[in-house]
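Trainee: Sharing a structure with you now.
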Amino acid sequence: MSLEIINNFSSAETQIANQFFQQYYLSILQDTFFVLTDADHKSGFKLQSLLLARMVQLVATDAIHAPLYDPAVVNDPNMTNTKFVRDYTANLLKSAFPHAARYTVLFFYLLRPF
């Protein structure tokens, strides 16, 4: 259902899509990572992985035009949604797997430009 909602809003009018993604993108991303990294959770893995892939694709292809970050808080004038989501995702993984933090940084370095 979440994948369907993401797909529907990604094809909506730009203003509506921007409002939706600014409001919910990071929450959905964080919740999806939480579920996927929960060792006790196994059901729905395939659909949750598809959802995560679709969300990354939307950012990587610049399909989301509004900033997913607060420009008043982020001081980097060159910040993009791609860079922000890459860094945000790396921090989520570092938090979920603190023992593997150094590998997470390496993994995301290899994925550039994402």
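Trainee: What order, most packed first, do the peptides 6-15, 70-79, 19-28, 50-59 have when packing is the mean number of other Cβ atoms within 10 Å of each residue?
Mentor: By packing density, highest mean first, the sequence is 50-59, 19-28, 6-15, 70-79.
Trainee: As an exercise, use a Förster radius of 22 Å and the Cβ-Cβ distance of Gln23 and Asp87 to find the FRET efficiency, rounded to the nearest 0.05.
Mentor: After rounding to 0.05, the efficiency reads 0.65.
Trainee: Can you give the extra length, in nm with one decimal, that the chain gains between Leu36 and Asn8 once fully stretched, where that is 0.36 nm per residue apart less the Cα-Cα distance?
Mentor: Value of the extension gain: 7.8 nm.
Trainee: I need the peptides 42-49, 88-95 ranked by packing, meaning the mean over residues of other C-beta atoms within 10 angstrom, with the highest value on top.
Mentor: Working: 42-49: 11.1, 88-95: 17.2.
In decreasing order of mean packing, 42-49, 88-95 become 88-95, 42-49.
Trainee: At 0.36 nm per residue, minus the direct Cα-Cα distance, what do Thr80 and Ser95 gain on full extension? Give it in nm, one decimal, please.
Mentor: Here the segment from Thr80 to Ser95 would lengthen by 3.2 nm.
Trainee: Under 27 Å between alpha carbons, and skipping anything fewer than 8 positions from Lys83 in its own chain: which lysines qualify?
Mentor: Reachable lysines: Lys46, Lys94.
Trainee: Nearest 20 debye, what's the magnitude of the dipole of the stretch 1-81 about its Cα centre given +1 on Lys and Arg Cβ and -1 on Asp and Glu Cβ?
Mentor: About 240 debye.
No value in this document is a laboratory result; all are computed from the given coordinates. As the structure is a computational prediction, the values presented were derived from the model and not from experiment. For neighbour counting, all protein chains shown are included, and Cβ atoms are generated from backbone atoms with ideal geometry for every residue, glycine included.
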